[in-house]
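Working notes, structure below.
What follows draws every value from the coordinates through simple rules; no lab data is involved. Predicted, not measured: the structure shown is a model, and the values here were computed from it. Cβ: placed from backbone, ideal geometry, glycine included. Neighbour counts: every protein chain shown.
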Amino acid sequence: MLPGMGAKPRVAIVGAGNFGSALALALHRAGYTIEAVVGRARGESLRSESLKRAQKLARRVGARVSHDLSGVRAEWIWLCVPDAEIARATKSLAKQIEWKGRVALHSSGALTSDELAVLRKRGAAVASVHPLMTFVQGSQPSLAGVSFAVEGDPVAVRAARRAVRDVGGRAYAIRKKDKAAYHAWATFASPLFTALLATAERVAGLAGVNRKAAKQRMIPILSQTLANYAAFGSASGFSGPIVRGDVDTVRRHLRVLRGTPAAKVYTALASAALQYLPVKNKKSLKRILDSSQD
């Protein structure tokens, strides 16, 4: 059944990792039939972790577990594998089923739909569909309200938009040439933000606070910072010594951080603040930051 017809199409999920699991569950709740979870490679141990994840996911969505697409009738094939594995997986899957009339999707943020060109040549409509959301083991966030960047063939884009709408997300078009910058943005929004939090835990250690206590004590200020950003934006949500132009305090910070990896992080972020945010005493602060890098 092609996209656009009344009944929801059947879906095969390739990859039972963090995102693949969240997606399969969301589609299942939205009324889609998850026909198969392809999560076991040929020759893989029956005790492997990837197989166990695939089996667990399949039970939750009423699907079967498979090591390939042989015999799969699903109209949509959704690849949820790491970026580095998309090309290999696509090449492997290409000869397993008839692709004409099917939709093939991948969810890489950095790579375009052209990664699925082999399947396009075999008759599939292809697209990339990336959610601006973080997925880690032990957490399965809702996709409701999540933005999905979509690009590819018209038929596949329509299918992707339908799926995103049905799981409560918001789809928007992205140009192929913008994918790398888009994914860099996403990386700033979550993975590098997490790296910043890890750095903050180390700085807490300089103040005699262990990492467990630091995490607990930071949660209220982090929550309020995000609330301020959501309500007022970055400029009006910015606080602290840099926005005030407190040169002496910044100098003290740099002195205590000297020689640590955190010093470079502090300098980079403070320099970004001078560039992008309303800051007093910019020239004086810039001199201090520049001299700290000598």
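Name all residues of the range 83-112 having a backbone nitrogen under 17 Å from the label point set 7 Å from the Cα of residue 184 along its Cα→Cβ direction, giving them as ranges. It comes to 109-112, nothing else. Normalising by residue count, the range 10-177 has a Cα convex hull of 102 Å³ per residue. Here the label points at residue 7 and residue 256, each 7 Å from Cα along the C-beta direction, are separated by 6.6 nm in the simple model. Net length available on complete extension from residue 269 to residue 230 is 12.1 nm, with 0.36 nm assigned per residue and the Cα-Cα distance removed.
Taking 18 Å as the cut-off, the amide N atoms of the range 217-241 that come nearer than this to a point 7 Å along the Cα-to-beta-carbon line of residue 207 belong to 217-226, 239-241. Semi-axes of the equivalent ellipsoid for the range 188-292, computed as √(5λ) from the eigenvalues of its C-alpha gyration tensor and ordered from largest down, come to 21, 19, 12 Å. Extents of the range 98-181, taken as max minus min of Cα coordinates on every principal axis and listed largest first, are 36, 27, 24 Å. Using θ = phi - 60° in the Karplus curve 6.51 cos²θ - 1.76 cosθ + 1.60, the 3J(HN,Hα) couplings for the range 130-136 round to 10, x, 7, 7, 9, 10, 10 Hz; x is entered for Gly and Pro. Here's how it looks for residue 147: its modeled amide H is under 5 Å from those of 132, 170, which are all 5 or more places away or on a different chain. Calculated on the alpha-carbon coordinates, the convex hull of the range 166-241 measures out at 157 cubic angstrom per residue. Any chance you could check the Cα centroid distance between the range 135-158 and the range 6-37 for me, in angstrom? Their Cα centres are 12 Å away from one another. For residue 126, nonlocal amide neighbours, meaning residues 5 or more places apart or on other chains whose placed amide H falls under 5 Å from its own, are 104, 153, 156. Across the range 75-153, C-alpha contacts under 8 Å between residues 6 or more apart give a mean separation that, scaled by the residue count, equals a relative contact order of 28 percent.
Projecting the Cα atoms of 265, 118, 184 onto the charge dipole of the chain (Cβ charges, centred on the Cα centre) puts 265 farthest toward the positive pole. Using 31 Å as the Cα-Cα cut-off, could you pick out the over-long pairs in 100/176; 215/283; 56/179? Result: 215/283; 56/179 exceed 31 Å. Once backbone amide H atoms are built at 1.01 Å from N, residue 66 has 37, 38, 39, 40 as its partners under 5 Å, excluding neighbours fewer than 5 places away on the same chain. Summary value for the range 188-292: 26 percent relative contact order, contacts being C-alpha pairs under 8 angstrom separated by 6+ residues. Straight Cα distances below 17 angstrom link residue 280 to the aspartates and glutamates 246, 248, 290, with same-chain residues fewer than 8 positions distant left out. Put in line by how crowded their Cβ is, counting other Cβ atoms within 10 Å and starting with the fewest, 112, 194 read 194, 112.
The chain gives an Rg/Rh value of 1.08, both radii derived from C-alpha positions and Rh following Kirkwood.
Only Lys, Arg, Asp and Glu carry charge here, each on its Cβ (+1 for the first two, -1 for the last two); on that basis the chain has a dipole of about 240 debye about its Cα centre. Spatially, the range 45-83 and the range 231-256 are offset by 49 Å when compared through their Cα centroids. May I ask you to list the lysines whose Cα is less than 24 Å away from that of residue 212, ignoring any residue fewer than eight positions away on the same chain? Once the sequence-local lysines are set aside, what remains near residue 212 is 264.
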